[in-house]
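Please read the structure below before turning to the comments.
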Amino acid sequence: MPSAAVLWWTLILLTLGLVYPFAQSRLERFKMRNTFFGDLQGRFEGSGVRLFLRGCILWLIAVVPFGIGLVATVRAVDWSALADAAGGDDLSSWLEASGLAGAMVYAGLTGIWVLLAFVLLYPVFQAIVLHWWTSGLRFGEVAVTSRLRTAQVLGVYARFILCAFLFSLAAAAVVVPGAIVIPKLTGELDSVPKEIVTTFAGVAAYVAIALGYSTIYQATVKLGLWRCVVESLDISNPAVLEQVTAAGQPASPVGEGLADALSVGGI
């Protein structure tokens, strides 16, 4: 299955995400077939076509403008003029004659659109995927449906942005004075010790800030999304869970696994 996952992700990249719903459907079916709750085997009934229909509008909104901007960027360049004027000394005239100035404008606008589309549309897409995924989970006769709303996911990301903004202000309140004070404290040191102190302070600040953002993301987005998912679940036929049995496999009293894996006989 790892080779299948690599193949699917290659197709996802080549199609700019168009086959993502079908890849997720196949991969989730494989995972659930190999998942058990006691003696209840899991299965996944989510349809790749259904996820595709729910997300295709978001794909069109995000990818079509990106494709148009990419084509416009390439077409704005006069490749023959670019080759002829490559050795010129006047940079401004060279940019204008080759069309690179216009291409840079198109590229910048395309990059801004990609960033805005990711920030605005990704939470909506994640809400669609979570709703689709949870509603497709099955264990025997136990079925799960989700009442997850897009507004709940947007609220999770809004809290993350607020917390990250407040943390940025706190980090700036520490880093900026530190950047002013450290050069003054190390002003009389030699160049090598001064560079060591400055580098250490910079690395420490970077690690602390990175850990801070990671902690905020885990505490707000990861935990918040799982809380929303769990609170929005409806389980049908829960009485089946009372009949679940879990029987362990016989184990060797002298250890297991490693000797068999290395083909070491004896016991």
Taking square-rooted eigenvalues a ≥ b ≥ c of the alpha carbon gyration tensor, is region 125-183 rounded, prolate or oblate, where a/c under 1.5 means rounded and, failing that, a/b exceeding b/c means prolate? prolate
Could you tell me, in Å, what Rg and Dmax come out for the Cα atoms of region 97-239? 23.6, 76
Output the Cα-based Rg and Dmax of region 196-245 in Å, rounding Rg to one decimal and Dmax to a whole number. 21.4, 65
Expressed in nm to one decimal, what extension gain is obtained for the pair Ala239 and Phe36 from 0.36 nm per residue of sequence separation less their Cα-Cα distance? 71.4 nm
Which net charge results when you count Lys and Arg as +1 and Asp and Glu as -1 among the other residues whose beta-carbon is under 14 Å from that of Glu141? -1
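Since every read-out is calculated from the coordinates, none of them should be taken as a lab result. All figures in this text were calculated on a predicted structure; none of them were measured in a lab. In this analysis, Cβ positions are derived from the backbone assuming ideal geometry, glycine residues included, and neighbour counts consider all displayed protein chains.
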